[in-house]
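Down below is the structure, laid out as structure tokens.
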Amino acid sequence: MLFEPLKHPRLALQNRIVMAPLTRSRAIDNIPNSIMADYYGQRASAGLIITEGTSPSPDGLGYARIPGLFNAEHVAGWKLSTDVAHRGGAKIFIQLMHCGRVTGTANLPAGARTVGPTDEVLEGEMYTDVAGMQPHATPHALTEAEIPAVIAEYVSAAKLAIEAGFDGIELHAANGYLLEQFLNANINTRIDGYGGSAAARNRLVLETARACVAAIGADKVGIRVSPYGVFNGTGEFDGVAEQYIELAKGLSEIGLVYLHLVDHSAMGAPEVPAVFKAHLRAAFKGLFIASGGLEAASAEAILQAGKADLVAFGRPFISNPDLPRRMQQSLALAEPDANTFYTPGPVGYSDYPAAA
Ligand SMILES: Cc1cc2nc3c(=O)[nH]c(=O)nc-3n(C[C@H](O)[C@H](O)[C@H](O)COP(=O)(O)O)c2cc1C
């Protein structure tokens, strides 16, 4: 099934293979550029490309050289990538990633500020180009009155995404960035309308999803979540399963086109229970994307068993630009070089060759 087109009324794809979102830190001054277009164009045999995490605002630019989507220069830069992705037959969604408290101050442009659900600092350090490793910045705890402006940043980025030629957006509500900072009870210790109960922790994500759907349409909005993840100070909490099932039901009512589940157990994170995955899928009426540690056989098995509609590959796409063909023809896969995951320039990025 992997190589069969997806003929879904809400999303038609040339195959069931998704390129997972991968931060690659090649956007000098946070502006998408032509080597990024080279890279995405080389990978356009995927059914769906989900771009690297891209900030909807200056405040969200937590990592060095991640792209933004909040001004005309970003739109023009991204058009290069959407054009080549479409020429190769792929659809392309942009992942909107506001890093929230996961940042080093030196990564933020002048005037931007670190924000989060509380003022608690994330342990550990962040790489910055100008000052090397820095402790994470102290976040400003967003007040209830400030939250509509944060949602408005996502809405503005969603509209710019359409202008830039994207087929849709993926809300990054996984891996400990701003939206998950609100979802996760270990981080969100607020006791107001946005914290203190499962429903209150889910509220920012649901409001953001609803606002983006109102702006660009439900068929153009997907979301990524990582319950049971441990990255960036997250981790399991009491009632995590019940909270995410409610979240999935809410997102389903809003009508999101897909729910993309992260399972990083192949990278050392805890297992995501199989029964939870089944309940999550059942709670959501749209398309379901499985990801994490997949290869052709395991991905095919997931599709055959009806456990997902689409399957995403991350690291294999870094070093195999023609991954769908290699999987279909059982060609050897190249291993990615982790030393160049986040370094600037084309080396270890747009110079991985296609198979002969
Ligand atoms: C270099 C690198 C960058 C990543 N950047 C992102 C990102 O921007 N957004 C995101 O949701 N996940 C990100 N991930 C996680 C991947 O999307 C994926 O979930 C993970 O690599 C597991 O899938 P895999 O085993 O197929 O690689 C990143 C992973 C890697 C290795």
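A few points about this structure:
- All conditions but one from (1) part of a helix (DSSP H, G or I); (2) on the phi > 0 side of the Ramachandran plot apply to Tyr228; the one that does not is (1).
- Selection within region 79-101 - within 15 Å of the ligand (Cβ to nearest atom) and in contact with a Leu (Cβ under 7 Å, 6 or more places away or on another chain): Phe93, Ile94, Leu96, His98, Cys99, Gly100
- Residue in region 35-78 that is surrounded by the most Cβ atoms within 10 Å (Cβ to Cβ), counting only those that are assigned to a loop (DSSP other than H, G, I, E, B), more than 16 Å from the ligand (Cβ to nearest atom) and not small (Gly, Ala, Ser): Phe70
- Among the residues of region 308-356, the one identified as surrounded by 14 or more Cβ atoms within 10 Å (Cβ to Cβ), β-branched (Val, Ile, Thr) and free of Cβ contacts under 8 Å to residues at least 40 places away in the same chain is Thr340.
- Leu280 closer than 18 Å to Gly222 by Cβ, in contact with a His (Cβ under 9 Å, 6 or more places away or on another chain) and either surrounded by fewer than 21 Cβ atoms within 10 Å (Cβ to Cβ) or modelled with pLDDT of 95 or more (or both): no
- Here is the figure for region 1-34: residues that are out of contact with any strand residue (DSSP E or B) (no Cβ under 7 Å at 6 or more places or on another chain), within 12 Å of Leu310 (Cβ to Cβ) and part of a strand (DSSP E or B) total 0.
- Index of the failed condition, Asp309 passing every other in (1) closer than 19 Å to Lys91 by Cβ; (2) touching a Ser or Thr at 6+ places or on another chain (Cβ under 8 Å): (2)
- Checked against the criterion of being under 30 Å from Ala64 (Cβ atoms), within 14 Å of the ligand (Cβ to nearest atom) and at pLDDT 95 or above, the candidates Gly293, Gly268, Gly345 yield just one match: Gly293.
- Residue pairs whose Cβ atoms lie under 6 Å apart, separated by 6 or more positions or on different chains, with the first residue in region 251-263 and more than 20 Å from Pro21 (Cα to Cα) and the second more than 10 Å from the ligand (Cβ to nearest atom) and of a type in the set (Gly, Ala, Ser), are Leu251/Ala209; Ile254/Ala209; Gly255/Ala218.
- Filter pass, Ala301 being away from the ligand (no atom under 16 Å from the Cβ), at pLDDT 95 or above, surrounded by fewer than 14 Cβ atoms within 10 Å (Cβ to Cβ) and of a type in the set (Gly, Ala, Ser): no
The values are calculated or read from the model by the stated rules, or taken from the named source; none is laboratory data. Only a predicted model underlies this, so the values are computations on that prediction, with no experimental measurement involved. Please note: Cβ atoms are built from the backbone with ideal geometry, for glycine as well, and neighbour counts cover all protein chains shown.
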